[in-house]
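**Student:** Before I ask anything, here is the structure I am working with.
The values are calculated or read from the model by the stated rules, or taken from the named source; none is laboratory data. Quantities reported herein were computed from a predicted structural model and do not represent experimental measurements. Here the Cβ is made from the backbone with ideal geometry for all residues, glycine too, and neighbour counts use every protein chain on show.
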Amino acid sequence: MAPAADAILKKSAFRCLDVARYVVAAAVSMLMVTVLVCAVKVVHRPHDLTLWIIGGSVSAERAGDLNGPFNANIRGDNLTFTFTLQAVNPSGRVRIYYTNPIARLRGRNSSSVMKTMLALRLPDVSVEHQSTVDINVLMNTFVLVPGQRFYFEALANGSGSSIADAFMKVNGTRIVQNIFTGQNLTSEQAFYYCSPIVFDEGEYYSSAAAVNVPCTEEAPTTILDDPLPGIIN
């Protein structure tokens, strides 16, 4: 082969090697950028608000006449429901608001069908970074619809009355806010499912056996919503 042609081939080969090096370097750089971006997203993703039912129990006690027969008719005698919902924000970067929350208390009726026995409107809550807020709920109400009668009678029958294997569904608007800029990062409907809990006369909540029950955002697959008996404000 002529010397001139040989020189041209060598130059072309070196140029191809240089182009290949640039392509590999660019691909590695792109990979590093992609990994870095993903890592930043994971590190700076705000922590979700977590909810707990303190003592795993909702207490229901008779109000007024404690000795006479309980009137479980519509607008009859009252029961007082109390429980504590604890909201935890583990993040050091955001504050979390949970607004317009509604708690649905669900238990099995006389036919062992899971139904909503009570729906309560809870107060709005603001949880600062790395903070915990207890929402103490006390609601005094009577039977609003016939479907509630079984539950009110079961809880008013005397010492030891309870409804086990119940659960609570809480839904509201969860707003995540950057504490440094005040900018809202997300605003979305958030649903929490707290189970298993017990509806009782208050003994379980204060007993040594009581444990706090965590709420999860994973909906049960076998339990559907049913018409509300009326939201208590």
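**Student:** Any idea which of 145, 176 is of a type in the set (A, V, I, L, M, F, W, C) and either touching a Cys at 6+ places or on another chain (Cβ under 6 Å) or farther than 22 Å from residue 115 by Cβ (or both)?
**Tutor:** The match here is 176.
**Student:** Would you confirm whether any residue within segment 183-202 is β-branched (Val, Ile, Thr), in a loop (DSSP other than H, G, I, E, B) and at pLDDT 90 or above? So that I can check it myself, show each step before the final result.
**Tutor:** So in segment 183-202, the residues β-branched (Val, Ile, Thr) come out as 186, 197-198.
Okay, now just the ones that are also in a loop (DSSP other than H, G, I, E, B), so none.
No, because not a single residue in segment 183-202 is β-branched (Val, Ile, Thr), in a loop (DSSP other than H, G, I, E, B) and at pLDDT 90 or above.
**Student:** Still on this structure, please answer the following. Please specify each residue of segment 56-69 satisfying the condition of being closer than 19 Å to residue 117 by Cβ and not polar (S, T, N, Q).
**Tutor:** 56, 58, 60, 61, 62, 63
**Student:** Specify which of the listed residues (127, 145, 94) is in the same structural domain as residue 173 (by TED's automatic domain parsing), over 22 Å from the mean Cα position of the chain (by Cα) and touching a residue at least 60 places away in the same chain (Cβ under 8 Å).
**Tutor:** Every option except 145 fails the conditions.
**Student:** Residues of segment 162-177 being at pLDDT below 95 and surrounded by 16 or more Cβ atoms within 10 Å (Cβ to Cβ), which ones?
**Tutor:** If we filter segment 162-177 for residues that are at pLDDT below 95, which is where we start, we get 162-167.
Once the filter is applied, which keeps residues that are at pLDDT below 95 and surrounded by 16 or more Cβ atoms within 10 Å (Cβ to Cβ), segment 162-177 yields 162, 163, 166, 167.
**Student:** Something else now. Where in segment 64-179 are the strands (runs of 3 or more DSSP E), entirely inside, with at least 3 residues that are polar (S, T, N, Q) and more than 22 Å from residue 201 (Cα to Cα)?
**Tutor:** Hits in segment 64-179: 162-178.
**Student:** Continuing with this model, one more query. Return yes when residue 107 is buried (at least 17 other Cβ atoms within 10 Å of the Cβ) and among the small types (Gly, Ala, Ser) and no when it is not.
**Tutor:** Answer is yes for this residue.
**Student:** Sticking with this one: Which one of these is surrounded by fewer than 19 Cβ atoms within 10 Å (Cβ to Cβ), farther than 30 Å from residue 149 by Cβ and either modelled with pLDDT of 85 or more or out of contact with any Ser or Thr (no Cβ under 8 Å at 6 or more places or on another chain) (or both): 94, 37?
**Tutor:** Result: 37 is the single residue among 94, 37 that is surrounded by fewer than 19 Cβ atoms within 10 Å (Cβ to Cβ), farther than 30 Å from residue 149 by Cβ and either modelled with pLDDT of 85 or more or out of contact with any Ser or Thr (no Cβ under 8 Å at 6 or more places or on another chain) (or both).
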